[in-house]
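Reading through the structure tokens given below for one structure.
What follows is calculated from the coordinates using simple rules that are stated; it is not laboratory data. Source: prediction; values computed, not measured.
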Amino acid sequence: MASGNLAQHLSKTYLMSELLEDDDLTAALKKCPEWEYEKKAITRTVEFEEFMDAIDFVNDLAEIAEEAQHHPDIVIKHTKVFLKLTTDDAGGVTDLDIELAQRVDNLVD
């Protein structure tokens, strides 16, 4: 990555990583109604019919998360997948979390 491109990338990442204010968070969560805010994070549970469906979903999610360089906490309990998104460096929910939540929603639908 050329130094100009790197600077643009880092600048964009920094700007996107700012903690969302309460009003912005409320508005953002309207775009992701399946997600709930709790303890400086957003969470969602997705249930599947079979265990392997849950595993396939997590594998697909892993590719999206790796591409975004933003990784959710994932817990698998048989056919349920529990997801938690937060931006640790910012100390709570940022645009990065909302964007990944929307991508997860698209993957589920």
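In a Debye calculation with equal point scatterers on the alpha-carbon sites of the chain and no solvent, what is log10 I(q)/I(0) at q = 0.09, 0.11, 0.13, 0.16 Å⁻¹? Here log10 of I(q) over I(0) equals -0.25, -0.37, -0.51, -0.73. Kirkwood-type hydrodynamic radius, segment 43-86: 10.5 Å, calculated from all non-identical alpha-carbon pairs.
On full extension, the segment bounded by Asp24 and Gln102 gains 26.5 nm, given 0.36 nm per residue less the C-alpha separation. Per residue, the chain reaches -16000 deg cm²/dmol at 222 nm when only DSSP H runs of four or more residues are counted, each adding -39500 (n - 2.57).
One decimal place: the segment Met52-Glu36 gains 3.2 nm when fully extended, by the rule 0.36 nm per residue minus the C-alpha distance.
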